[in-house]
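The values are calculated or read from the model by the stated rules, or taken from the named source; none is laboratory data. Bear in mind the structure is a predicted one, so any value in this text is a computation, not a measurement. Cβ: placed from backbone, ideal geometry, glycine included. Neighbour counts: every protein chain shown.
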Amino acid sequence: MKGVKEMKRFVVISGLALALGLFHAGQVEAQAVSVHVNIDLQPAWGPAGYDYAEFYYFPELNIYFDVSRALFYYLDGRKWISGFYLPLSYHKYDLYRMYKVVLNHDPNPWIRNRLHRRDYDRFCHNHSQVAIRSAKEHRYNKARSNTRAWVAPNNGRKPNSNQYRDGHRDRHREQDYTKPPSKQKRPEQSGRNSKPDKEKKRNRSSGR
């Protein structure tokens, strides 16, 4: 009798342990799926076939795009600039047709830019890749409508950006994006209360 009770207790404990194990495994799997799927964040000009992408690298332009932060990274001299838009000179390029290399597990890919240029140069002018806009799968319904512009529309001003030099972030914002801001002379004021107008009034009152 005692042996039967112990057997029942063992069966109950084993069943509970198995149920808890399956529940925990299901939670871990659900978290892994939610973390490793970001299709809805990808732009319509991104490459189809990737449920998860951290960065795109464009061999033809030698630039990067951070999918989660929606930021471009491009060279200005020796400095890597990050910005929501590319400079206006990039308006002539069509990102939908260009080949994009997906880079994951590398938070600062521009540090290895020389390696990327060497390995992916063969994809320059390769227009065989299908963009998300042309993908027919239902999972791309939201991303297909994410027609994000890569150059600021009708805006001649430079967007706000951060600088990277030799792979390190420059936290000090620079006005001209290449040099520290120089001391500029204060422009002369214009208007009724300007200094030249006051001198003219004095000259008239003194009869000069």
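A quick yes/no check of all residues on (1) among the aromatic types (Phe, Trp, Tyr); (2) surrounded by fewer than 17 Cβ atoms within 10 Å (Cβ to Cβ); (3) touching a Cys at 6+ places or on another chain (Cβ under 9 Å); (4) under 15 Å from residue 148 (Cα atoms):
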position: 39; (1), (2), (3), (4): no, no, no, yes
position: 49; (1), (2), (3), (4): no, yes, no, no
position: 55; (1), (2), (3), (4): yes, no, no, no
position: 81; (1), (2), (3), (4): no, no, no, no
position: 86; (1), (2), (3), (4): no, no, no, yes
position: 101; (1), (2), (3), (4): no, no, no, no
TODO: Can you run down the residue pairs with Cβ atoms below 8 Å, 6 or more apart or on separate chains, where the first is in segment 96-112 and among the aliphatic types (A, V, I, L, M) and the partner is assigned to a loop (DSSP other than H, G, I, E, B) and exposed (fewer than 14 other Cβ atoms within 10 Å of the Cβ)?
DONE: 98/127; 111/167
Open item on the list: Checking the structure you have, find out if any residue of segment 70-79 is surrounded by fewer than 16 Cβ atoms within 10 Å (Cβ to Cβ), modelled with pLDDT under 90 and not in a loop (DSSP other than H, G, I, E, B).
Closed with: no
TODO: Hand me the list of helices (runs of 4 or more DSSP H) wholly inside segment 89-208 holding 2 or more residues that are out of contact with any Lys or Arg (no Cβ under 7 Å at 6 or more places or on another chain), at pLDDT 95 or above and not acidic (Asp, Glu).
DONE: 113-120
